[in-house]
Each structure stands twice: as structure tokens, then as C-alpha cells.
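Asks: The structure that follows is given in the form of C-alpha cells.
The values are calculated or read from the model by the stated rules, or taken from the named source; none is laboratory data. Every value quoted in this text rests on a predicted model; they were computed, and no experiment measured them. When we count neighbours, we look across all protein chains shown, and the Cβ atoms used for this are built from the backbone with ideal geometry, even at glycine. Side chains are part of the model used for accessible areas, which takes the heavy atoms of the whole protein and leaves out ligands, DNA and RNA. Shrake-Rupley method; radii C 1.70, N 1.55, O 1.52, S 1.80 Å.
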Amino acid sequence: AQVEAAVVNVDQTTFCSYVRSCEADTVWIFKVFVHWCPHCQQLMPKFFKLGLALQLAGNARVRLGAVNCAVEADLCRKEGFHGHPLLHVVYGGKDRGVREALTHLNGLKDQYLRSILPANTVPGEEYFLHEFLGALPSEYGVPTSLVDQALETPPKLCPNVTELRPSGALPAVGEGFVEWEKDFTPWRRWSDALFMVRHSFTEWLVPHGHDGRLRAFSFEQVWGLHRWVSLLHSNLPALMGLGPVLGDLARFLAAALAEAQRAAGERALCLDAWQAAARPVLDRVNEVGQANLSVASTCGSDTCRLWSLFHVLS
């Protein structure tokens, strides 16, 4: 119960009626995310820990909330939350110190971020959260010791990726891969690539809801599905054994596109029809994975697995 109260999951109704209409002097900090995004997951445990620490300290003037844009697509589109993860601050009061903290937060954005993100909205990184909390006036009761304990590590912006290369590493080594993989072969990343193929089908390939429909794909979305399935079909190693089922699925999507063009309809493919057509691919992925358990995963995150899939495709 304490965790649920520490970070409030909001939908469009609660965001508009509860957060914006009530408690004008309360500072709300929202984590804007999608549940399938690996980068979004990095801050979330610390975000919950911070919310719980604020609650246990009896602080009711700073509240934390979360918005899952994969579920609340209309809310995120209305608020201009383009991209994720983000941190968005809502404050309806007149306290000068809070207003100055918001000015400080917005000043941390470069010109490009200011052009694409709404006011009081920044990338969802620990650095920005730490900076804003540190700038709040003392009467809002967020001591530095509490923030440091919850966030644990000194926050900093992500460094340039070229700085991440280990000293002495050969130029042929890609970022994030150990040096002995300079002679990369798909077999070494077999399990990770399969995992992400399955993950893309079960978590990513869903109607966006941009047209108000969550149970059907638009023509543009089916076009994107066809491009992704065709890429997998043409580039995954034949030894993986996914070629036949991916080929069947690509032809199914091509037929759906052709039918949508003839009918001049906005709904090109129902979600149920897509799930039924994609089922043989998921079944085959499971069969291949079970038959190749000797190839262990070498990744500890979905980001690593996604790049493994990209390497295998290339």
C-alpha cells in the first residue's frame, strides 16, 4: 500500500481532474514511459524508492506519478509527450521558489530539446530529477541527504558513447561488446536475437492508437509491420529456421495492404487477425529456442539484446 501511494499511476481522467484541479501547492513529478522500453526501466526502481522515502518522511508537498504512454496514448499525445522516458512537472501554485526551480529545470534543456518538449518536461534521466529537487525551496522538505540516499549514485548526463570504449580496445570492437567478440558471428548472439524477435512481436507490434483505435492497425502501421517482418525474413540466418513462417507472414501482410488499398479503408488489419497470423512465428521461435539451449544468453538487458538482433540482421 505504501508503494502504491508513493508513486501514483495516472490515466487521462486522474491526470486532468485530480492532479491539475486539486492541491495547487503540491509539486507533481511524473515519470513518462512505455513499459517495453529498456531505457525507461533504469530510473523506475530509484523513482519508487524516492517516492517511498518522501512518503515515510511525511512529505505531502512533493508527489510522484507515472504515465504509461503505451496505455495512455491519448493523454500523452494531448500533453505533447513525444518520446520517452521523460520527466514532467506539474505545479499550479504561486510559490516563487518553486517557479524558480522550474525555470532552472527548463534552462537545463538545449535548444533542440526546448523545441520538441513541452514546458517543465525534460529527458527522464536521474540528473534532471536530482537538479530539480535540489533547486526546490527548503519549505518543500526535500533534503539533499534524502535524495542522495534514494538515488544512490552521483547523477550525471550520459557521456559521449566514444568515451565508453575500454582503454586498449581494438577499433573493430563495437560499443557494448567484449573484446573477444571482434570476430562477431551470429551464433554467439543466437539466443539474444531470438528473444528480441519474440519481444518485438509480443510487446512492440501493437496498434499505436494514434487514430483512436486500439483494436485495429491503420494502413501506415501495417506498412511498417510488413517492412519489419520482411527485414527479418530476408536477413535472419537461414539456420535459425524462421524463414518459412516469416515468409508466410510477410505475404499475409502484403495481401492485407492490397485489400486495404482496394477497399480504401482506414482499418487495414484487426488486432485479432494479426495475432492469429503471427502465432506460427512465435511458436517457431519457441521451438528453435528450446532446441538450442546450449547457446546461453550473453546479455543482461533488453538494450543489449536489441543490439544483438541488429548485429545478427546486418
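Asks: Which percent of the accessible area of the stretch 45-100 is formed by carbon and sulfur heavy atoms (probe 1.4 angstrom)?
Replies: Numbers: 1380 of 2560 Å².
Carbon and sulfur: 54 percent of the exposed surface of the stretch 45-100.
Asks: Assuming a viscosity of 0.890 mPa s and a temperature of 25 °C, what translational diffusion coefficient in µm² per second does Stokes-Einstein assign to the stretch 38-89, Rh being the Kirkwood radius over Cα pairs?
Replies: 197
Asks: Can you give the FRET efficiency for THR13 and ALA238, using 1/(1 + (r/R0)^6), R0 = 45 Å, r = Cβ-Cβ distance, to the nearest 0.05? All intermediate terms of the calculation are to be shown ahead of the outcome.
Replies: Numbers: r = 51 Å, r/R0 = 1.13.
That pair, THR13 with ALA238, gives E of 0.35.
Asks: Taking a cut-off of 19 Å, what percent of all Cα-Cα pairs in the stretch 91-153 are separated by more than that?
Replies: Details: 697 of 1953 pairs.
Looking at the stretch 91-153, the distances longer than 19 Å represent 36 percent of pairs.
Asks: Okay, moving on. Tell me the Kirkwood radius of the stretch 52-141: reciprocal of the mean inverse pair distance over distinct alpha-carbon atoms, in Å. Don't skip to the end; give the middle numbers.
Replies: Values: mean 1/r = 0.0706 Å⁻¹.
Radius from the Kirkwood sum: 14.2 Å.
Asks: For the residue pair ASP148 and LEU56, what label-to-label distance in nm results when each label sits 7 Å from Cα along the Cα-to-beta-carbon direction?
Replies: Label-label distance for ASP148 and LEU56, simple model: 1.8 nm.
Asks: Next question. Computed on alpha carbon atoms, what radius of gyration and Dmax characterise the stretch 1-153, expressed in Å?
Replies: 14.3, 41
Asks: What list of whole percents do you get for P(r) of the stretch 188-262, with Cα-Cα distances grouped in 5 Å bins up to the one holding the largest distance?
Replies: Distribution as computed: 3, 15, 22, 25, 17, 10, 6, 2, 0 percent.
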